[in-house]
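S.K.: Sharing a structure here in structure tokens format.
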2 protein chains.
Amino acid sequence: MSPSNPPAAAPSPLSLERQICYAMHTTVRAFDGVYRELLAEHGLSYPQYIALMTIGEHGPVTVGRLGELMRLDSGTLSPLLKRMEGARLVGRARDPEDERRVVVSLTAGGRERLDSLGDVPHRVAERSGLSRQQLVDLHRTLRQITESLDSPA
Amino acid sequence: MSPSNPPAAAPSPLSLERQICYAMHTTVRAFDGVYRELLAEHGLSYPQYIALMTIGEHGPVTVGRLGELMRLDSGTLSPLLKRMEGARLVGRARDPEDERRVVVSLTAGGRERLDSLGDVPHRVAERSGLSRQQLVDLHRTLRQITESLDSPA
DNA sequence: GGCAATTAAGTTGTGCGCAATTTGATAGTA
DNA sequence: TACTATCAAATTGCGCACAACTTAATTGCC
């Protein structure tokens, strides 16, 4: 111990806002870690899983539309989708009606992989130790944050 | 539109767990974006800010201890701290009592920078649109998730 | 003392994420 | 038609994050 150390419990209370900032940072990492673990055996990263899920739900989508849904730009999605194409999970094709656009769709293998992952979110939720009500509240809170942070400049 | 497309609104309700997974992914990104914006003028990234805050609160700490507090390993912290050292925000020194350890501490400039950032968390919380009670609840939920995900293998 | 096992930090390789730029296609207009 | 502006995706560069490995110091045991 250094001689000038404070007793033990930090006296500074730190504002709630500061604690939230800190908790958000660390908790999300723990959350991601569980997904990483559960998805590893399926050969998927967490972002790849979200992409698979989003394409599966919304059907064939352009890269731009997928970016809106996932809140990611082409700089992130292009290489990610290229890897998923390499893994035979999705197909990419230029839109004949507008050659600027690239339409992404699930392959049969991608659909199969997605179906086999159906219980992963449930297992994560279980491990989180949250009650049903807490999950509902958390979901509403997260949506509220996104909306609020989105709208004003 | 492909011929076999479902009408429009996806009939699959998607489980709450799935929605939470998705919301966590997108919301955290929005949250980070606001921090990025507010911290940019101070020349700090969000992880650098968290590190600065953590070192500031806990006093000089070893890299390992900082990793426990921030939930990051040396593979992330070593280059991050090296950049912060280059920016004259922190100092790094081998512990004379155990030369394996590296002790990280705030420089005068680092302390000053940290102090000048005091209202950033408050501004982020404001923008989030959450009530005081929601902030309290969110904080408790996040802590509960971390604890629960940490403990069992 | 000598030496294997452990520990702390750093390094390497890969993927995610964003800002800024580039490439190529479409739209608009003289 | 030709020229410009706009738009979609891809590319480049940098930082964060983690797994796996390396390096160097300490501990433990003989």
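The values are calculated or read from the model by the stated rules, or taken from the named source; none is laboratory data. Quantities reported herein were computed from a predicted structural model and do not represent experimental measurements. With ideal geometry, Cβ positions are generated from the backbone for all residues, glycine too; neighbour counts draw on all protein chains shown. Areas reflect the complete protein model, heavy atoms only, side chains present, ligands, DNA and RNA absent. Shrake-Rupley method; radii C 1.70, N 1.55, O 1.52, S 1.80 Å.
S.K.: Rounded to the nearest 0.05, what FRET efficiency do A:Lys82 and B:Ser15 have when you use their Cβ-Cβ distance and R0 = 35 Å?
M.R.: 0.75
S.K.: Follow-up. Which value in deg cm²/dmol, rounded to the nearest 500, describes the helix-derived mean residue ellipticity at 222 nm for chain A, given -39,500 (n - 2.57) per DSSP H run of n ≥ 4 and division by the residue count?
M.R.: Here the helix-only value at 222 nm equals -20000 deg cm²/dmol.
S.K.: Which chain B residue puts its Cβ closest to the axis that rotates B onto A, and at what distance in whole Å?
M.R.: For chain B, the closest residue to the axis carrying it onto A is B:Val28, 3.
S.K.: Also, I was wondering about something else. Please give the length that would be gained between B:Ser148 and B:Glu97 if that part of the chain were fully extended, namely 0.36 nm times their separation in residues minus their C-alpha to C-alpha distance (nm, one decimal).
M.R.: Length gained between B:Ser148 and B:Glu97: 14.8 nm.
S.K.: With heavy atoms of protein chains only and a 1.4 Å probe, what residues of the range A:123-141 have at least 10 Å² less accessible area in the full set of chains than alone?
M.R.: Listed by number, the residues meeting the 10 Å² cut-off are A:Ala125, A:Arg127, A:Ser128, A:Gly129, A:Leu130, A:Arg132, A:Gln134, A:Leu135, A:Val136, A:Leu138, A:His139, A:Thr141.
S.K.: With viscosity set to 1.306 mPa s and temperature to 10 °C, compute the Stokes-Einstein D of the range A:68-122, Rh being the Kirkwood radius across alpha carbon pairs; µm²/s, no decimals.
M.R.: Value of D from the Cα-based Kirkwood radius: 127 µm²/s.
S.K.: Using a Gaussian network for chain A with springs between C-alpha atoms less than 10 Å apart, which of these wobbles most: A:Glu99, A:Glu112, A:Glu85?
M.R.: Of A:Glu99, A:Glu112, A:Glu85, the Gaussian network model singles out A:Glu99 as fluctuating most.
S.K.: Same structure again: How many Å² of accessible surface get buried when A and B come together, counting both sides, probe radius 1.4 Å, rounded to the nearest 100?
M.R.: Separately minus together, A and B give about 5900 Å² buried.
S.K.: Once the principal axes of the Cα atoms of the range B:91-132 are found, what is the range along each, listed largest first in whole angstroms?
M.R.: 48, 20, 11
S.K.: Could you check which residue among B:Pro79, B:Pro47, B:Pro60 shows the biggest mean-square fluctuation in a GNM of chain B with a 10 Å Cα cutoff?
M.R.: So, out of B:Pro79, B:Pro47, B:Pro60, the one fluctuating most is B:Pro79.
S.K.: Report the gain in length on full extension from A:Arg29 to A:Asp137: 0.36 nm times residue separation, minus Cα-Cα distance, nm rounded to one decimal.
M.R.: 36.8 nm
S.K.: Strictly greater than 32 Å: what percent of every Cα pair in the protein assembly as shown meets that?
M.R.: Value for the protein assembly as shown: 37 percent of Cα pairs lie more than 32 Å apart.
S.K.: While we're looking at this one, here's another question. Using the charge dipole of the protein assembly as shown (Lys, Arg: +1 at Cβ; Asp, Glu: -1 at Cβ; taken about the Cα centre), state which of A:Thr141, B:Cys21, B:Met70 has its Cα farthest towards the positive end.
M.R.: Checking the options against the dipole of the protein assembly as shown, the answer is B:Met70.
S.K.: Continuing with this model, one more query. If we hang a label 7 Å off Cα along the beta carbon direction at A:Arg88, how far is it from the matching labels on the other copies, in nm, shortest first?
M.R.: 5.8
S.K.: While we're looking at this one, here's another question. What angle, in degrees between 0 and 90 and rounded to the nearest 10, separates the Cα long axis of helix A:16-40 from the longest principal axis of the Cα atoms of chain A?
M.R.: 50 degrees
S.K.: What is the helix-to-structure angle for B:74-86, meaning the angle in degrees between its Cα long axis and the longest Cα principal axis of chain B, kept from 0 to 90 and rounded to the nearest 10?
M.R.: Tilt relative to chain B: about 60 degrees.
S.K.: Round to a whole number: what % of the accessible area of chain B belongs to carbon and sulfur, probe 1.4 Å?
M.R.: 51 percent
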